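Trainee: Okay, here's the structure, questions in a sec.
The values are calculated or read from the model by the stated rules, or taken from the named source; none is laboratory data. As the structure is a computational prediction, the values presented were derived from the model and not from experiment. Using ideal geometry, Cβ is built from the backbone for each residue, glycine included, and neighbour counts are taken over all protein chains shown.
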Amino acid sequence: MAKMKLDDFDVMFGNSEVIKPAEKDDKVDTWYDVGNYALNYIMSRKFTGGIAAGRITGLEGLSSTGKSLLAVSVIKDPQIEMCVVIDTEGGGNSQELMEFAGVDLNKVRILKAHTLTSYRRSKKNGKIEEVADKDMPAKLETGDYLYEEGVIFIMKKLLNAFAYTPKLKDKKILIILDSIANLQSVRELNGGYDMGKKAQEIGAFFRTFDNMLEKTNIAFVYTNKLYTNFSNPYDPWVAVGGENVYYNSSMIMRLSGTAESHDITPNDLKDDKAMKNTSLGTTYQTLKGFVRKSRFGTHRRTAQFMIDSQFGVTRYSGMFKLLKDFGIIQGSTWYTLTALWGDKKFHKKDFLELFRSDEEENVKKLQIILDETEKKLKEERAKYVESGAVDVDESLDFQTDEDSLETLLETSEEDLVNDVIRDVEK
């Protein structure tokens, strides 16, 4: 039988618009900085950006875990030309938070919303009725009604404007929804029982805009709250919107508080703790980012970072631990970072000063080292599985060969990183 040619294969699609992955590069070409090197890296495997253009990124966590601050910190990336913040929390907090984060407010516009779908309120009796998008008038006040735009309607207007307005088409644009948890269904707003309506509307929201965001290359970031999941002791927290937000997001990072910190000394922590009950208050908030979902090969990675009460997200926090975890920084009391400083030894407290002495060049070199380290680790893990150390058919039983596992662990840190460093130096 004659082998089928690929050109013959393409005939069956007729005039349909077909993407050929071998000929078209649809990978993310633009990443935006969240303001912290370690968080950027666990999200994207890049130091310079963690938020993907054209994709949906979720930041979820309990109250006071830095969700909103991280979201607006992305606006500081000089690549961002325009940003629309859809604020559902009220009280003018978005503007105040952006001022605290040091954002250029001239490139930001804030829209208010509190429901997913649009509605109108009768001037006569105050009755609230849901309104289909096609029935929304040009003016939001008529003789009989006051109309309120829902987030779904707002997003349709924004994306159509960005996609079909020539002056806006190629702009680097960020849309932030803060937060999806505060949005209500019109049924709930009207005093009735929600009956799952909000979850359905959240699902419709994401399904409507997923492809459009990719087409326009607009980055979409939303924040979300967690609530207690009493039914599952192994996963005690559930995000608002359930699986609907999980399926449609390319990246979800869960934020949580932690008492552990590798970035400040025990004495600093002690002093900071002593200030907690004074009028000055505590200076640092130590947090952890956990990648709950990723389409970029970074699932389940974690990083520590800190928020300074005076300056916001600290750029360098978590960097030392990340490099130590990958074996690039080696040592205990005295450390070495051969890739940058040869045999020079330093204490942990001196790392930041050394790193910042030539920050731009150091970041470039470390990115190359980590790229090669990631590649080597993947190759070693593939050999480990292929060797039979892990029985793939019985993988759920976690059957392993202890000798093979020990060999992998030995070669995946110091020896492996040294091999990478030698390759890069060549």
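Trainee: What pairs come out if I take residues in the range 368-395 that are polar (S, T, N, Q) and pair them with residues that are at pLDDT below 85 and part of a helix (DSSP H, G or I) whose C-beta lies under 8 Å away, six or more apart or interchain?
Mentor: Listed pairs, sorted by first residue: Thr373/Leu416; Thr373/Val417; Thr373/Val420; Ser387/Ser404.
Trainee: How many residues, within the range 59-101, are more than 20 Å from the chain's Cα centre (by Cα) and on the phi > 0 side of the Ramachandran plot?
Mentor: 3
Trainee: Could you look through the range 209-229, keep only residues that are among the hydrophobic types (A, V, I, L, M, F, W, C) and surrounded by 19 or more Cβ atoms within 10 Å (Cβ to Cβ), and pick out the one that is nearest to Leu255 (Cα to Cα)?
Mentor: Per the criteria, the residue is Leu226.
Trainee: Can you pull out the residues in the range 102-142 that are within 31 Å of the chain's Cα centre (by Cα), part of a loop (DSSP other than H, G, I, E, B) and aliphatic (A, V, I, L, M)?
Mentor: Val103, Ala113, Leu116 - these are the residues of the range 102-142 that are within 31 Å of the chain's Cα centre (by Cα), part of a loop (DSSP other than H, G, I, E, B) and aliphatic (A, V, I, L, M).
Trainee: Sticking with this one: Among Lys171, Lys156, Lys198, which is the only one that is of a type in the set (Lys, Arg), in contact with a helix residue (DSSP H, G or I) (Cβ under 8 Å, 6 or more places away or on another chain), buried (at least 21 other Cβ atoms within 10 Å of the Cβ) and in contact (Cβ under 8 Å) with a residue 12 or more places away in the chain?
Mentor: Lys198
Trainee: Within the range 90-98, can one find any residue that is modelled with pLDDT of 90 or more, assigned by TED's automatic domain parsing to the domain that holds Glu188 and in contact with a helix residue (DSSP H, G or I) (Cβ under 8 Å, 6 or more places away or on another chain)?
Mentor: no
Trainee: Among the residues of the range 329-350, is there at least one that is touching a Lys or Arg at 6+ places or on another chain (Cβ under 6 Å), more than 23 Å from Arg45 (Cβ to Cβ) and part of a loop (DSSP other than H, G, I, E, B)?
Mentor: Checked the range 329-350: at least one residue is touching a Lys or Arg at 6+ places or on another chain (Cβ under 6 Å), more than 23 Å from Arg45 (Cβ to Cβ) and part of a loop (DSSP other than H, G, I, E, B).
Trainee: Yes or no: the range 304-323 includes at least one residue that is assigned to a loop (DSSP other than H, G, I, E, B), modelled with pLDDT under 95 and farther than 30 Å from Glu96 by Cβ.
Mentor: no
Trainee: Related question: Mind checking whether some residue in the range 64-84 is in contact with a strand residue (DSSP E or B) (Cβ under 7 Å, 6 or more places away or on another chain), in a strand (DSSP E or B) and not β-branched (Val, Ile, Thr)?
Mentor: Checked against the condition, which is being in contact with a strand residue (DSSP E or B) (Cβ under 7 Å, 6 or more places away or on another chain), in a strand (DSSP E or B) and not β-branched (Val, Ile, Thr), the range 64-84 yields at least one hit.
Trainee: In addition: Would you confirm whether or not the range 69-82 contains a residue that is within 28 Å of Arg187 (Cβ to Cβ), polar (S, T, N, Q) and touching a residue at least 12 places away in the same chain (Cβ under 8 Å)?
Mentor: Checked the range 69-82: no residue is within 28 Å of Arg187 (Cβ to Cβ), polar (S, T, N, Q) and touching a residue at least 12 places away in the same chain (Cβ under 8 Å).
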